[in-house]
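J.: One structure, as structure tokens, below. Some questions next.
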Amino acid sequence: MIQTLLGKKIGMTQIFNKKGEAVPVTVIQVEDAIVVDKKSQEKEGYNALKIGYGSDVKPKNLPKPIKGIFKNEKKRIDLPFKKILKEIKVDKEDLDKYKIGDLITLEVFKDFENKKVDITGITKGKGTQGVMKRWGFKGGAQSHGSMSHRRPGSIGSNTFPARVLKNKKMAGRMGGKRFTVLSLRVEKVDVENKYMLVKGSVPGNKNGIVIITKSKKDN
């Protein structure tokens with residue numbers, strides 16, 4: 001069974017479960033992905049499907065090596081250009097089941113309600129931030145004249161080692177990193193309308209692409 005899909009984060013809302021309790025959920029739209037290439041254990045050393053996802057892209061916006069994946073005369077491939085390319089590892093059974101040009105739909109996750117998934121995305125970028133916002137520092141005295149309200153304080157020792165140690169929590173760029181949230185419960189899977197509801201929040205901005213993977217911990 002395929003255990004990885006791509007989706008687009010639409011936003012958050014809430015639903016009511018059978019007990020009448022409000023459950024915060026994230027709406028993830030899962031459009032059909034197209035198989036553009038196959039990787040086999042015999043040739044590449046692992047079994048995987050390379051899929052194209054997202055809206056169609058104009059040929060002028062893609063480099064020639066990427067174009068050759070979608071349109072290849074030798075392999076007789078003529079597929080629409082997609083914005084995103086992603087390899088997903090599969091079993092030998094799934095590798096033989098799908099052919100180039102086939103669609104992978106939300107149907108493969110239709111039985112995932114009340115099961116757990118791991119979701120990976122790019123966190124919201126917040127630019128350069130100080131230590132209080134970035135790391136949750138308490139800050140200095142708020143009294144008049146303290147001059148250390150939001151300063152980081154001492155960052156190292158004196159003569160030895162005469163440098164700032166690595167991994168010191170300091171001001172800098174915050175967000176914009178790949179992050180995975182583990183074990184989120186799937187509340188609903190709507191195959192017809194191509195969306196799923198996942199309890200809790202997932203990383204990324206609205207309309208950001210996320211990777212949905214069957215949880216390795218709880219299922």
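No lab work stands behind these numbers, since they all come straight from the coordinates. Please read all numbers here as calculations on a predicted model, not as lab measurements. Note that each Cβ is placed from the backbone with ideal geometry, even for glycine, and that neighbours are counted across all protein chains shown.
J.: Run the numbers on the chain and let me know its relative contact order in percent, using alpha-carbon pairs under 8 Å that are six or more apart.
T.: Once normalised by length, the contact order is 29 percent.
J.: Which of the peptides 181-192, 54-65 is most tightly packed, and how do the rest follow, going by the mean number of other Cβ atoms within 10 Å of each residue?
T.: Result, highest mean Cβ count within 10 Å first: 181-192, 54-65.
J.: Here's something else I'd like to know. For the stretch 94-149 and the stretch 20-65, what is the separation of their C-alpha centers, rounded to whole Å?
T.: Spelled out, the Cα-based centre of one part sits 19 Å from the other.
J.: Tell me, Y53, Y46, Y98 in order of fewest to most beta-carbon neighbours within 10 Å?
T.: Final ranking by Cβ density, sparse to dense: Y46, Y98, Y53.
J.: Give the share of C-alpha pairs in each 10 angstrom bin for the chain, from 0 to the last occupied bin, in whole percents, shortest bins first.
T.: It works out to 7, 24, 26, 19, 14, 8, 2, 0, in whole percents.
J.: Follow-up. According to the square roots a ≥ b ≥ c of the eigenvalues of the Cα gyration tensor, what is the shape class of the stretch 127-174, taking rounded for a/c under 1.5, prolate for a/b larger than b/c otherwise, and oblate for the remainder?
T.: Cα axes put the stretch 127-174 in the oblate bin.
J.: Also, I was wondering about something else. D for the stretch 69-153, whole µm²/s, Stokes-Einstein with Kirkwood Rh over alpha-carbon pairs at 4 °C and 1.567 mPa s: what number?
T.: 67
J.: For the charge dipole of the stretch 115-219, defined by +1 on Lys and Arg C-beta atoms and -1 on Asp and Glu C-beta atoms about the Cα centroid, which residue among T120, G208, V131 has the Cα displaced farthest towards the positive pole?
T.: Highest projection toward the positive end goes to V131.
J.: How large is the charge dipole for the chain, taken about the Cα centre, if only the Cβ atoms of Lys, Arg (+1) and Asp, Glu (-1) carry charge, to the nearest 20 debye?
T.: Computed about the Cα centre, the dipole is about 1400 debye.
J.: Also: Please work out whether the stretch 101-219 counts as rounded, prolate or oblate from its C-alpha gyration tensor, where a ≥ b ≥ c are the square roots of the eigenvalues and a/c under 1.5 means rounded, while otherwise a/b larger than b/c means prolate and anything else oblate?
T.: Because a/c hits 1.5 or more and a/b exceeds b/c, the stretch 101-219 counts as prolate.
J.: Taking only DSSP H segments of four or more residues, each worth -39500 (n - 2.57), what value at 222 nm results for the chain once the sum is divided by all its residues, to the nearest 500 deg cm²/dmol?
T.: Helices in the chain give a 222 nm mean residue ellipticity of -2000 deg cm²/dmol.
J.: Just how large is the dipole of the stretch 101-219 about the Cα centre, in debye to the nearest 20, putting +1 at every Lys and Arg Cβ and -1 at every Asp and Glu Cβ?
T.: 980
J.: Additional query: Largest first and in whole Å, give the semi-axes of the stretch 1-129's equivalent ellipsoid, each being the square root of 5 times a Cα gyration tensor eigenvalue.
T.: One finds semi-axes of 31, 21, 14 Å for the stretch 1-129.
J.: Could I ask something else about it? Could you point to the residue in Q41, M147, G172 farthest towards the positive end of the chain's charge dipole, with +1 and -1 charges on the Cβ of Lys/Arg and Asp/Glu respectively?
T.: Projecting each Cα onto the dipole axis, the largest value belongs to M147.
J.: Before anything else, pin down the relative contact order of the stretch 127-174: Cα pairs under 8 Å, at least 6 apart, normalised by residue count, whole percent.
T.: So the answer I get is 49 percent.
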